[in-house]
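The values are calculated or read from the model by the stated rules, or taken from the named source; none is laboratory data. What you see is a predicted model; the values in this text were computed from it and never measured. Cβ: placed from backbone, ideal geometry, glycine included. Neighbour counts: every protein chain shown.
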Amino acid sequence: MLLIVPAHGADFDILGAVRLLQLRLRQSHPLILHPTRLAHNAWEFARRRKWLRTILPQKLRWGDITDAHLVGVTQAHHHPEVCERLTRDERTVFSYGHASPRLPFRANHVSVHSMSITAHLFMEDIAAGRVFDPDDIALFTLAVTEKTWAGLSSRASKTDFEALEELRRRNVASQNTSNANVGNTIVVGLREGQRGLLNDLLSEGSDVEINDWPVLISVVRSIGQVQDLDPVIDALWSRQDPAILIVGICSGGLTRVWARARPHGIDLRRVFADRHPREQDGWTMFFLTENVPEQVRAMLTEELAGELPPDFPAAAIMTAAPKTVPSSTSVAEAQDLMLKFHLMGLVVVDADGERGENGKDNGDIVC
């Protein structure tokens, strides 16, 4: 049995490559491992596609897997859970990516010589005479366009340009892409150096769970050519949409750290109080004297584990004594009460004010 594994935080390019591999290997009926997280725009596109039928890691019979195809996974932190599992048994592993794989097991490197993995696989398939339907062409167009900035990136290769031209020539119907957005439109205006740094942060980001909170940590080294870092960090926040994001950029002898949380109950300034952080534009910011990315990542993870409060229970945010109405109350009366007391919901109980069967409420009215 064959397994296709997309990297954590997969974007349109990874999604397009997964689809191309699925089509190549369809006679073997490959399984697609459920991604831990997809970029929001890629998920909005993919969830409407019948071909994306994934399997959760805990439901996978790993002993039946003979071949594993890792898309964008060239280092263990690109998918820690899968890489740990693949070390237990012998099987054939293929790693699709730009850099030679540094994995804790033997992997066959499928070297990608274009900026877009989708472009590389697509042009190989075109040369082999494969034919694609309009919906797949729409996906590949979005993938290569997003990854290469519509061919504007200086890292775009001849293969990327050929793929873009081939896809444009096929004149995809507009309805196939009308519900999709190219993710890099949120960072229009970034200069080339900033875009390169953003790509590094995206590729080095790793998902961890700390005290029941999902945390995305990305730490990279910069040689100092990018002076204006804030737009890059804002773009990463918009692109990944995590619950908690920790970003570190090592430059010179210091590491500058940005931290941000979406849940209102998390005070990152208190979590990193010993670092004397400051608040700016929604970010908690501070500096570290350590400047080795791996050590910075470990240090931040340890501090979060020690200081980040555990995910709070529903009891912490529930209304202790909610407003109730008897089940005989008319809709108009209920609406008047909600408007009068500025309520978002009412609990419906029996006419005598008691709860329904088994001590449960009869229902709720929400607006």
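For this structure, a couple of remarks:
- Contacts under 6 angstrom Cβ, first residue in region 144-164 being surrounded by 18 or more Cβ atoms within 10 Å (Cβ to Cβ) and outside any loop (DSSP other than H, G, I, E, B), partner modelled with pLDDT of 80 or more and acidic (Asp, Glu), 6 or more apart: Lys147/Asp13; Thr148/Asp160
- When we screen Pro104, Pro35 for residues that are of a type outside the set (A, V, I, L, M), crowded, with 21+ Cβ neighbours inside 10 Å and free of Cβ contacts under 8 Å to residues at least 60 places away in the same chain, the only hit is Pro35.
- Count - residues of region 83-113 that are of a type in the set (Gly, Ala, Ser) and either over 21 Å from Ser28 (Cβ atoms) or in a helix (DSSP H, G or I) (or both): 4
- Residue under evaluation Leu202, criteria (1) within 19 Å of the chain's Cα centre (by Cα); (2) modelled with pLDDT under 90; (3) not in a helix (DSSP H, G or I), criterion not met: (3)
Residue by residue, here is whether (1) over 24 Å from Leu167 (Cβ atoms); (2) surrounded by 15 or more Cβ atoms within 10 Å (Cβ to Cβ) holds:
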residue: Leu20; (1), (2): no, yes
residue: Gln58; (1), (2): yes, no
residue: Leu70; (1), (2): yes, yes
residue: His78; (1), (2): yes, yes
residue: Leu86; (1), (2): yes, yes
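- Long-range neighbours under 8 Å by Cβ, at least six apart or interchain, first residue of a type in the set (Phe, Trp, Tyr) within region 327-341, second not in a helix (DSSP H, G or I): Phe341/Lys323
- Flag if Asp89 is in contact with a Ser or Thr (Cβ under 6 Å, 6 or more places away or on another chain) and in contact (Cβ under 8 Å) with a residue 24 or more places away in the chain: no
- Residue ID - nearest to Ser153 (Cα to Cα), chosen from residues in region 88-101 that are surrounded by 20 or more Cβ atoms within 10 Å (Cβ to Cβ) and at pLDDT below 95: Gly97
- Per the conditions (1) surrounded by fewer than 20 Cβ atoms within 10 Å (Cβ to Cβ); (2) modelled with pLDDT of 85 or more, the sole criterion not satisfied by Ser218 is (1).
- Among residues of region 225-249 that are more than 14 Å from Leu268 (Cβ to Cβ) and touching a residue at least 40 places away in the same chain (Cβ under 8 Å), those with a beta-carbon under 6 Å from a residue that is surrounded by 20 or more Cβ atoms within 10 Å (Cβ to Cβ) and small (Gly, Ala, Ser) at least six positions away or on a different chain give the pairs Arg239/Gly183.
- Residue check, Leu139 of a type in the set (A, V, I, L, M), touching a strand residue (DSSP E or B) at 6+ places or on another chain (Cβ under 9 Å) and either surrounded by fewer than 23 Cβ atoms within 10 Å (Cβ to Cβ) or in a helix (DSSP H, G or I) (or both): no
Yes/no matrix, rows are residues, columns are (1) under 17 Å from Arg170 (Cβ atoms); (2) at pLDDT 90 or above; (3) in contact with a Lys or Arg (Cβ under 6 Å, 6 or more places away or on another chain); (4) part of a helix (DSSP H, G or I):
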{"position": "Ala42", "(1), (2), (3), (4)": "no, no, no, yes"}
{"position": "Val73", "(1), (2), (3), (4)": "no, yes, no, no"}
{"position": "Glu81", "(1), (2), (3), (4)": "no, no, no, yes"}
{"position": "His120", "(1), (2), (3), (4)": "no, yes, no, yes"}
{"position": "Met123", "(1), (2), (3), (4)": "yes, yes, no, yes"}
{"position": "Arg130", "(1), (2), (3), (4)": "yes, yes, no, no"}
